[in-house]
1. Quick one: buried accessible area between A and B, total over both chains, 1.4 angstrom probe, nearest 100 Å²?
2. So which trypsin sites (Lys or Arg not before Pro) in the range A:43-101 pass both tests, a DSSP loop state and at most 16 other Cβ atoms within 10 Å of the Cβ?
3. With a cut-off of 14 Å, note down the residues of the range A:260-289 whose backbone N falls inside the zone around a label point 7 Å from the Cα of A:D237 toward its beta carbon.
4. What FRET efficiency comes out for the pair B:S52/A:K109, r = Cβ-Cβ distance, R0 = 60 Å, nearest 0.05?
5. I need to check one value: relative contact order of chain B, counting alpha carbon pairs closer than 8 Å and at least 6 residues apart, in percent.
6. Using the structure shown, select from A:K114/B:K240; A:K223/A:K260; A:K74/B:K17; A:K114/B:K26; A:K138/B:K10 the pairs with a Cα to Cα distance greater than 30 angstrom.
7. Between B:T215 and A:K74, what is the spin-label point distance in nm, taking each point 7 Å from the Cα along the Cα→C-beta axis?
8. For A:K29, what charge total do you get from the other residues with a beta carbon under 14 Å from its beta carbon, if Lys and Arg give +1 and Asp and Glu give -1?
Amino acid sequence: MENVVEVQNLTKIYDSLVAVDHINFNVEKGEIFGFLGPNGAGKTTTTRMLTGIIRPNEGNAKILGYDIQKEPLKAKQNIGVVPETSNAYVDLSAWQNMMLMAELYGIPKKEAVKRAEKFLERLGLYERQNSKVKGFSKGMKQRLILCMALINDPILIFLDEPTSGLDVQSSRVIRDILLEFPKEGKTIFLTTHNMDEANHLCDRVAIINHGKIAAIDRPATLKNMIKRLNSVEISFDSIIKTETLSEIPYIRNITKEGDKFIISTEDVDNLIHSLADFAESRKLKIINLNTMAPSLEEVFIKLTRET
Amino acid sequence: MYTQFLDQLKRSLGVTKKDIRIYYFKGPVISFGLLMPLFLFLAFLIGSRNLSTDFLISGLIGMTLFFTATAVSPIIAPWEAQLQTLERLISAPISVATLIFGDMLASLIFGIGISLVPLIIGLFIGINVIYPIILISGIILAGVCFSSLGLLLSTPPTNAPSNIMMISSLVRFPVVFISGIFIPLGNMSFWGKIVASLSPLTYFADLTRYCIGGTSYYSILFDFMALITFTVLFFVLAVKLHQRTIYKRL
Ligand SMILES: Nc1ncnc2c1ncn2[C@@H]1O[C@H](COP(=O)(O)OP(=O)(O)O)[C@@H](O)[C@H]1O
Ligand SMILES: [Mg+2]
């Protein structure tokens, strides 16, 4: 797989605070890569280093094959950026903002007009394109900023908490369009403190806290990392005692809730097999069987507490 | 290399266009760029009756260009930072020099545009421009010089435009008073001349008097050389310092 972002030992120090602490990771072409962490974890600082806004104290980052510090203009040419705290120019219209971006990226006028129309339309701003941004709602402004980030038809898009504090409608539109990008071969680097967002959108997630990366993996794998938290809920067609059940292997703990047993385990797969064997040997019917994986939130809390 | 230079130059025009649309109409630009030179000049006009029209008009042109060209450029960086448009702007593939050049151009156009007003008034009340080409080149060069000075004044990384306005007022008023706008250079004391020689406005005012009145204190070549030196110094310094401080505004 081709890497569009390669980060080595990236570090940023503010006075005595190590905001980002020797992080390493790669982002593969075509994936939605999530950067998940609580407030102050170092997400924005990392994003700013990757997009050439601030210089790292140590380490380096390659963006689309270019060292972001040595060849910033080349690296920036084909990326799109939606910074965390950013605004369109409120004294300009949506259209003027789009054309300004096109000029800054050196996009030919004809192509710029075509793209601007397409994206403003797609993000529901077409009718308001000639209004000054001053009168826009927060959600409209954020949608416009996303449009502005797309004017150069970027291969790689950085978004720093793009849906934070937005109305449901705008968040949905933005998430929907993000999900379309991988199909066009675009890669997304998305920071968020919202587990649901990371879980639903991302192919892989890096969990960052206190400037360090605690884990990087697929959301599903991350959930499995905390096996202790895994449990299985089961109920049978006739009454059995808790003690009889506790004889079967792979059980850590059993609690009874009404006609259901909640069994925690370190090995969900083997536990289910042994529960099935148990049921068969006793001629019991399994009425209900649920695995209860931890939410990404639980994984997150656990991992961020450990680092 | 050459194509990249041209490319960046073209992108700086985008910056200029944006500046023109947004910053020409901001309060501080109108008050410090237009009203201030007007009031200063009226006060000066009432106080001095025995100076020639040529002297007055050339002084007015110098003062107007200086105030207007330094009115737009200093407020752009703090304004962008405060309204949080700066980060988006510097995410774009443009260098700090490109950005500063675009801002300089916007400031220059404002300065030249407004300075035409006293020049036209002068022509109406009967002044005679003896060397129009030299005057026009002088106005453009001095405009670049003063605009770059304005950009240099905005390098302290504060995000309140009012702070920068204060800093620039602290610089601009003394500069106007030492530059031989109100007193002919020849009538100044030795130390007065030394101090005057440190101000780029001195050379522009001198050059204007040559073009309008026919006499100057320094030679025209010297005036141009001095202005070019100040211009290069201000522009290079503004770029270097902004490169360092622009990140601190975020
Ligand atoms: N310009 C700055 N100066 C000093 N400290 C900063 C600066 N920017 C961020 N920090 C600090 O660095 C840490 C990481 O911040 P940030 O990257 O914004 O986190 P996140 O985006 O994950 O919320 C925080 O403790 C923050 O206070
Ligand atoms: Mg942040």
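1. 2600 Å²
2. When the trypsin sites (Lys or Arg not before Pro) of the range A:43-101 are filtered for loop state and at most 16 Cβ neighbours within 10 Å, A:K70 remain.
3. The answer is A:279-288, whose backbone nitrogens lie closer than 14 Å to the label point.
4. Details: r = 51 Å, r/R0 = 0.86.
Given R0 = 60 Å and the Cβ-Cβ separation, E is 0.70.
5. Across chain B, relative contact order equals 27 percent.
6. Violating the 30 Å limit, Cα to Cα: A:K114/B:K240; A:K114/B:K26; A:K138/B:K10.
7. The answer from the label model is 6.1 nm.
8. -2
The values are calculated or read from the model by the stated rules, or taken from the named source; none is laboratory data. Keep in mind that what you see is a predicted model, and the values were worked out from it rather than measured. We place every Cβ from the backbone using ideal geometry, glycine too, and count neighbours over all the protein chains shown. What goes into the accessible areas is simple: the full protein's heavy atoms, side chains included, and nothing from ligands, DNA or RNA. Shrake-Rupley method; radii C 1.70, N 1.55, O 1.52, S 1.80 Å.
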